[in-house]
Amino acid sequence: MINQEHPITPPPELVQGWYEDKTDYFIDMIRAAQWGADQELEACCDWLDKRFRRDPFFSEALRAARRLKPPSLKEQALALLDKAEDLSWDINDFSIVRKALEQLDD
């Protein structure tokens, strides 16, 4: 039996939505784990905000460290160029593409 009083137990409506979505059981487990982890992170951030008199510096730093954003398209392209430098491209080709990518906003 699931303890519905536990703070990171998904509400029944959310679980029902996952069930009705008719997705793979594995995806539902991932969603449930992510939801629980998000609840725990927010509880920790709330505690930090209260502990440090509502100064969001620490909670924002924790949130940024624990919820990393995927690399931007620019970062991915630059990483691929770093890996591909042994191909038959002329060095000038790489430098043109690199300069173009570096000028793009993220």
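Readers should treat all values here as calculations from the given coordinates under stated rules, not as data from a laboratory. On a predicted model such as this, the values are computed, not experimentally measured, just so you know. Here the Cβ is made from the backbone with ideal geometry for all residues, glycine too, and neighbour counts use every protein chain on show.
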Value at 222 nm in deg cm²/dmol, rounded to 500, when DSSP H runs of n ≥ 4 in the chain each add -39,500 (n - 2.57): -21500 deg cm²/dmol
TM-like helix rule applied to the chain (DSSP H, alpha carbon span at least 27 Å on the long axis, mean Kyte-Doolittle at least -0.5) gives 25-51
Dipole of the chain, Cα-centred, from +1 at each Lys and Arg C-beta and -1 at each Asp and Glu C-beta, to the nearest 20 debye? 420
Cα-projected label distance for residue 79 with residue 97, points at 7 Å along beta-carbon direction, nm: 1.6
Using 1/(1 + (r/R0)^6) with R0 = 35 angstrom and r between the beta carbons of residue 106 and residue 13, what's the FRET efficiency to the nearest 0.05? 0.45
